[in-house]
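Derivation of every value follows stated rules applied to the coordinates shown; laboratory data play no part. Computed from a predicted model, the values in this text were never measured in an experiment. Positions of Cβ are backbone-derived with ideal geometry, glycine not excepted, and every protein chain shown enters the neighbour counts.
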2 protein chains.
Amino acid sequence: MRITQQDIARIAQVSQATVSRVLAGDEKVEPTIRDRVAAVMVQHNYQPDVRARSLRNRRTGLIGLVVNRPVGGLTNDPFFSSLTAEIIDYLSGKPYHLCLDMATSESSQSAVYDEMLRSRRVDGLILVESQARDERLHRLQQDKFPFVLIGNPLNSDEIHSVDNDNVRAAEIATQHLLDAGYRRVGFLGGPAGITVSDDRIVGYQRAIRGKQSDHLIWHSQFGSDAAREKALEILASPNRPDALVVLDDFMAMGVVLAARAMGLRIPQQLGLVAFNDTNLCDLLECGLSSVSLNISSLVRTSCDRLMKIIENRPIGESRRTIVPCELKVRGSSIRDLELAG
Amino acid sequence: MRITQQDIARIAQVSQATVSRVLAGDEKVEPTIRDRVAAVMVQHNYQPDVRARSLRNRRTGLIGLVVNRPVGGLTNDPFFSSLTAEIIDYLSGKPYHLCLDMATSESSQSAVYDEMLRSRRVDGLILVESQARDERLHRLQQDKFPFVLIGNPLNSDEIHSVDNDNVRAAEIATQHLLDAGYRRVGFLGGPAGITVSDDRIVGYQRAIRGKQSDHLIWHSQFGSDAAREKALEILASPNRPDALVVLDDFMAMGVVLAARAMGLRIPQQLGLVAFNDTNLCDLLECGLSSVSLNISSLVRTSCDRLMKIIENRPIGESRRTIVPCELKVRGSSIRDLELAG
DNA sequence: TGCCTTTGAGAATTCGTATTCACAGCGTTT
DNA sequence: AAACGCTGTGAATACGAATTCTCAAAGGCA
């Protein structure tokens with residue numbers, strides 16, 4: 001059977017309330033008694049029961065992370081894995097733990113949400129929405145449930161959100177390629193409708209405006225395989241681009257394979273810039289230029305914010321925070337690499 | 001304020017006990033009443049409070065995953081990310097959630113363990129120990145706390161554990177290279193003392209025995225960068241290997257870069273087999289042969305086992321389960337690829 | 001000395017649910 | 001018709017900790 005405050009109280013010859021007070025570090029406890037109780041607690045290896053505590057305190061000490069992906073959609077998702085890794089890293093040492101959950105299908109989402117929110121399993125939520133789900137977000141908002149969105153809440157500025165400036169990120173990437181001397185800079189994105197992808201296309205277009213006569217935009221499924229197929233097609237077309245901004249590092253590696261298969265040299269004949277700055281970037285001899293999304297600062301900001309909301313502390317900043325991203329230039333976007341080297 | 005069973009009871013003109021019974025699907029409730037209560041629950045969007053429930057039931061519905069890594073050691077760890085991804089995948093739909101925690105330092109481990117176990121935050125634990133921590137494991141064992149170890153419990157067969165047969169895996173990989181006609185097959189592992197690495201070295205040696213005069217074993221830090229450095233050194237040595245078994249895909253990619261830099265062709269002049277079968281394997285033109293650790297079946301087995309232990313259901317199998325691994329042959333280990341193609 | 005304030009600690013209550021216990025109402029049996 | 005299940009429901013209690021309420025003892029002041 002488990003040791004409770006009741007037991008400690010009995011052994012130390014005090015009331016259960018006093019044990020609780022000692023635990024809370026209450027000043028109003030006679031030092032003699034405090035020490036006696038503390039000794040008994042240590043001796044019996046007492047640890048308060050979180051379950052009882054959270055019932056009483058209305059706090060579980062858990063932060064939920066809900067990921068919306070189809071079954072199996074998590075494996076090999078670099079964004080997701082960085083995200084969880086960073087969150088755990090950030091939370092370690094703090095009085096919160098991470099509760100991870102997945103909503104696999106549209107229909108299971110409600111269930112997951114209900115289980116997490118209405119049932120008060122977690123104190124707050126971090127949401128990563130690949131597509132805008134106003135309805136859901138507003139439900140949370142109405143329930144006054146503490147949450148922070150990583151992403152773009154679209155038409156709502158009531159919602160606490162932290163985001164990369166995807167538009168700007170793509171603009172920078174594109175501009176960089178233009179500056180490097182590439183003439184026909186294209187964009188290879190993910191499936192249309194995905195917010196990240198759409199946002200970045202806007203940034204691409206913004207940079208291109210005026211500098212180049214046409215917009216070269218393609219879509220592909222995620223992953224290096226799909227991207228390679230698409231790239232084979234793109235690079236075979238008569239007026240192929242001489243540089244590509246690619247939605248993520250994995251897709252970029254697919255493009256690299258396609259280029260290699262077709263005998264195109266990177267960066268001389270094809271410039272590349274991708275996003276995420278994962279460790280994949282070093283797997284290319286010349287290095288893959290990539291825009292770092294600064295996930296750790298994204299995480300730090302969101303978690304800080306969430307903890308403030310949960311603990312009712314004042315929130316200094318505005319509701320929406322943009323985390324700047326940073327272009328990490330490597331070899332794949334330096335057109336005259338050999339001359340320079 | 002939150003809606004409780006009490007409220008539902010009042011509205012439906014029954015006692016709170018009855019509401020609880022309806023919720024539990026108790027047969028002994030008059031259909032008329034059952035429907036009336038159910039209707040009120042739906043109407044008011046009632047959801048039972050997990051906190052109260054877990055206090056009463058002594059079950060939280062949480063499974064803990066404790067990862068032992070230094071700060072920042074999670075980012076870009078493919079094993080970890082596959083593992084969590086698979087666990088979440090597996091748990092979604094089941095009445096358990098995942099609670100993720102990290103023990104960054106030796107000293108913080110006790111704290112994490114205490115917080116998780118003694119405080120009964122989770123119903124059971126999945127442990128991934130990179131090194132054997134008998135002391136810790138035995139404490140858990142003595143507390144009769146439900147847990148399953150992914151890995152090797154070394155000198156204890158009392159402990160529930162699920163593991164790859166790392167020895168066999170490495171043996172197969174090595175054998176495969178020997179069969180392919182390579183003459184000097186070496187092994188590039190991680191830092192000495194890491195169980196995975198040590199186990200695989202044993203397997204390597206077992207396969208080599210008799211087939212080759214000497215054992216060619218090197219150690220390097222994890223990650224493609226460190227591996228590349230080491231590989232440059234290895235491949236420059238006078239009696240360099242003509243094939244390498246490499247501890248994981250990432251390190252293997254480092255080896256690939258080194259080989260490429262030195263003008264060695266893969267697989268003709270250097271054969272490669274790695275472990276994990278991540279999506280990195282497709283990033284090599286010829287494909288990287290890799291031993292799949294079958295993480296999803298690893299996860300399925302451990303979670304099943306853990307759930308059985310938690311729920312006191314009979315456990316059919318023995319305490320230790322070995323999940324077979326499978327060599328995925330790709331181009332990097334087919335010595336005469338061009339002849340074959 | 002007597003009254004009031006302060007201090008410290010125990011008793012009682014609360015959080016929301018599950019479950020045991022007790023019992024009212026009804027039907028069956030002899 | 002009386003004694004005896006049986007069934008469905010409400011009342012009461014437990015889970016373990018935090019907090020409020022209560023009160024006794026000690027101390028201060030007039």
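Please give every one of the lysines within straight-line cross-link reach of residue A:144, meaning a C-alpha to C-alpha distance under 30 Å, and leave out same-chain neighbours fewer than 8 residues apart.
A:94, A:308, B:94
Relative to the longest principal axis of the C-alpha atoms of chain B, give the angle of the C-alpha long axis of helix B:78-91, reported between 0 and 90° and rounded to the nearest 10°.
30 degrees
Using Cα pairs closer than 8 Å and at least 6 residues apart in sequence, work out the relative contact order for chain A, in percent.
So the answer I get is 15 percent.
List the pair-distance distribution P(r) of the range B:72-226, using every Cα-Cα distance, as the percent of pairs falling in each 5 Å bin from 0 up to the bin containing the longest distance, rounded to whole percents.
1, 7, 14, 17, 18, 15, 11, 8, 5, 3, 1, 0
I'd like the distance between the alpha-carbon centres of the range A:136-204 and the range B:2-70, rounded to an integer number of Å.
40 Å
Using only C-alpha positions, report the orientation-averaged shadow area of the convex hull of the range A:252-320, nm², one decimal.
6.2 nm²
Tilt of helix A:224-236 relative to the longest C-alpha principal axis of chain A, in degrees (0 to 90, nearest 10)?
Tilt relative to chain A: about 20 degrees.
P(r) of the range B:132-179 in 5 Å steps, Cα pairs, percent per bin?
Histogram of Cα-Cα distances, whole percents per bin: 5, 19, 24, 16, 10, 9, 8, 5, 3, 1.
Taking the axis that carries chain A onto chain B, what is the nearest Cβ in chain A, and at how many Å, to the whole number?
A:81, 2
P(r) of the range B:1-80 in 5 Å steps, Cα pairs, percent per bin?
3, 13, 19, 15, 11, 8, 5, 5, 6, 8, 5, 1
Counting only Cα atoms, I'd like the Rg/Rh figure for the range A:196-341, Kirkwood definition for Rh.
When Rh is taken as the Kirkwood radius, the ratio is 1.07.
What is the gain in length, in nm to one decimal, between residue A:158 and residue A:143 on full extension, counting 0.36 nm per residue of separation less the C-alpha to C-alpha distance?
Residue separation times 0.36 nm, minus the Cα-Cα distance, leaves 4.1 nm.
Which residue, A:215, B:45, A:125, has the largest displacement toward the positive end of the dipole of the protein assembly as shown when charges sit on each Cβ (Lys, Arg +1; Asp, Glu -1)?
Of the candidates, B:45 comes out farthest on the positive side.
As I understand it, the value is the acute angle between the Cα axis of helix B:249-261 and the longest principal axis of the Cα atoms of chain B; what does it come to in degrees, rounded to 10?
Long axis of B:249-261 versus the principal axis of chain B: about 30 degrees.
Highest first, please rank the peptides A:295-302, A:246-253 by the mean number of other Cβ atoms sitting within 10 Å of their residues.
My ranking of the peptides, most packed first, is A:246-253, A:295-302.
Which three extents, in whole angstrom, do the alpha-carbon atoms of chain A cover along their principal axes, largest first?
88, 44, 37
Test of understanding: in a Gaussian network model of chain B with alpha carbons linked when under 10 Å, which of B:199, B:242, B:143 would top the mean-square fluctuation ranking?
B:143
Using only the Cα atoms of the protein assembly as shown, what are the Rg and Dmax in Å?
Final numbers for Rg and Dmax: 28.1, 89 Å.
Just to be sure I follow the definition: excluding the sites themselves, where is the longest run in chain A that has none of the GluC sites (Glu not before Pro) in a DSSP loop with at most 16 other Cβ atoms within 10 Å?
Longest site-free region, per DSSP loop and neighbour criteria: A:28-157.
Rounded to the nearest 500, what is the 222 nm mean residue ellipticity of chain A from helices alone, with -39500 (n - 2.57) per DSSP H run of 4+ residues and division by all residues?
About -13000 deg cm²/dmol.
Any idea what the dipole of chain B comes to, in debye rounded to 20, about its Cα centre with Lys/Arg Cβ at +1 and Asp/Glu Cβ at -1?
So the dipole magnitude of chain B works out to roughly 860 debye.
Under the definition of Cα pairs under 8 Å and six or more residues apart, what whole-number percent is the relative contact order of the range A:148-196?
26 percent
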